[in-house]
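First up is the structure itself, then whatever we jot down about it.
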Amino acid sequence: MGRIVRKFNVSWFVFNKTYFFIIFILLSSIKSSLFLTGLIIPLIFYILGIIKAKVPIEPNGTFHYRTYTYKEVGSKVLKLDIWYPNHIKRVYPLIFFAHGGGWVSGFRNQPNNVSWCKFLASKGFAAVSIDYRFGMRNSMENILTDYTDALDFVKNNAEKLRIDKNDIVLMGLSAGGHLALLYASYHTFMNHEMKMRGIKGVSVYYPPSDLRDIFGKEQKSLFARFATIATLKGIPANKPSRYSYYSPIEWISERMIPTLVVHGKKDMVVPYRSSINLVSKLKSKSIPSRLLLHKRGGHGFETHLKDFRTIRILEETVRFMKWLDN
């Protein structure tokens, strides 16, 4: 049964990406060279790569997970998976993980996310991977509400889930990294102590920290632009205050928590300079922060490259999380 579900998830993911691919073709009225480099080639590699994507450090042992429904919105059932280390403890430090997909696609248990959760579990963390509503039919505020409700569910059920609710790191990839950053930066800026209680840091990979950067000259992904427009219901020129409001970099303050940012310099989806600007602002506020760059890394590089630098970045990520744990 589990194998059937996994095959369905992969099929749905490919269908989801193909759906956007068709939309892009219909909407596209740009020159062919940009079309090829900005959409077709990245999309083909992305679909082919995602099916077997996994981090290059293969964990030993068997890792178990449990699935919970954290929320129902109409007919939509939102779930999360919690992955555990293979050694028994009363409580575990928690990595609260949000998947990528431009806020309009992806799911909690697609192969790259499962690989991440197993890797984190092998390092002694419990890892919660969440689903959330998509921006095609929902707003960014809806997505953020789902993110918050999933986090609250884990905190409120910490004893049952064997989670240390005072030892949480927010983690996300791409759009999921944006959600983690926005949650932490906004609530620290507003000094919402209850919302931030127990959250020790943020670890994000290739996040769009300034949503206006998605429309810069360095950015080549039509999918990223389309997904951002679909989720924010307009382009930056028409919705400037909305783009500013939902950009984490706008909310960085002296109360922001320690932050690790990882990015590839060959990223054609989210410009790596967006992360350079983010870390620069964090440091200007004296926030413990670090930026790890991969010279050859593209978007999602950590599940496709197996070189020494990628492995070192993964090790540094775990080291940062354990430093927060102390």
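Assorted remarks:
- Helices (runs of 4 or more DSSP H) enclosed by the stretch 151-228 - at least 2 residues per element that are of a type in the set (Phe, Trp, Tyr) and at pLDDT 95 or above: 175-189
- Identity of the residue in the stretch 278-313, among the hydroxyl-bearing types (Ser, Thr, Tyr) and free of Cβ contacts under 8 Å to residues at least 12 places away in the same chain, that ends up farthest from TYR206 (Cα to Cα): SER284
- Only listed residue being hydroxyl-bearing (Ser, Thr, Tyr) and on the phi > 0 side of the Ramachandran plot, chosen from SER247, SER286, SER275: SER286
- Residue within the stretch 258-277 that is in a helix (DSSP H, G or I), in contact (Cβ under 8 Å) with a residue 60 or more places away in the chain, of a type outside the set (Gly, Ala, Ser) and closer than 30 Å to ASP164 by Cα present: no
- Residue satisfying condition, being more than 22 Å from SER221 (Cα to Cα), in contact (Cβ under 8 Å) with a residue 24 or more places away in the chain and more than 13 Å from the chain's Cα centre (by Cα), within set LEU80, LEU144: LEU80
- Unique residue being out of contact with any Lys or Arg (no Cβ under 7 Å at 6 or more places or on another chain), buried (at least 19 other Cβ atoms within 10 Å of the Cβ) and of a type in the set (Gly, Ala, Ser) when the list is SER289, SER244, SER274, SER280: SER274
- Of all residues in the stretch 106-125 being of a type in the set (Gly, Ala, Ser) and surrounded by fewer than 22 Cβ atoms within 10 Å (Cβ to Cβ), the one that is nearest to ASP146 (Cα to Cα): SER115
- Checking ARG212, ARG162, ARG197 one by one, the residue that is in contact with a strand residue (DSSP E or B) (Cβ under 7 Å, 6 or more places away or on another chain) and surrounded by fewer than 22 Cβ atoms within 10 Å (Cβ to Cβ) is ARG162 and no other.
- For ALA227, the conditions (1) of a type in the set (Gly, Ala, Ser); (2) surrounded by fewer than 19 Cβ atoms within 10 Å (Cβ to Cβ); (3) in contact (Cβ under 8 Å) with a residue 24 or more places away in the chain; (4) closer than 19 Å to ASN142 by Cα are fulfilled apart from (2).
- Any chance LEU170 is under 13 Å from MET256 (Cβ atoms), touching a residue at least 24 places away in the same chain (Cβ under 8 Å) and touching a Pro at 6+ places or on another chain (Cβ under 7 Å): no
- Among residues of the stretch 64-107, those that are closer than 12 Å to ARG162 by Cβ and among the acidic types (Asp, Glu), counted: 0
- Among all residues of the stretch 84-93, there is none that is within 28 Å of SER221 (Cβ to Cβ), of a type outside the set (Val, Ile, Thr) and not in a loop (DSSP other than H, G, I, E, B).
- Breaking point among (1) at pLDDT below 95; (2) surrounded by fewer than 19 Cβ atoms within 10 Å (Cβ to Cβ); (3) part of a helix (DSSP H, G or I), for ARG312: (1)
- Residue match in the stretch 290-308 (condition: of a type in the set (Gly, Ala, Ser), under 16 Å from ALA175 (Cβ atoms) and in a helix (DSSP H, G or I)): no
- Residues in the stretch 85-105 that are over 20 Å from the mean Cα position of the chain (by Cα) and buried (at least 19 other Cβ atoms within 10 Å of the Cβ): 2 in all.
The values are calculated or read from the model by the stated rules, or taken from the named source; none is laboratory data. Predicted, not measured: the structure shown is a model, and the values here were computed from it. Ideal geometry is used to build each Cβ from the backbone, glycine not excepted, and the neighbour counts take in all protein chains shown.
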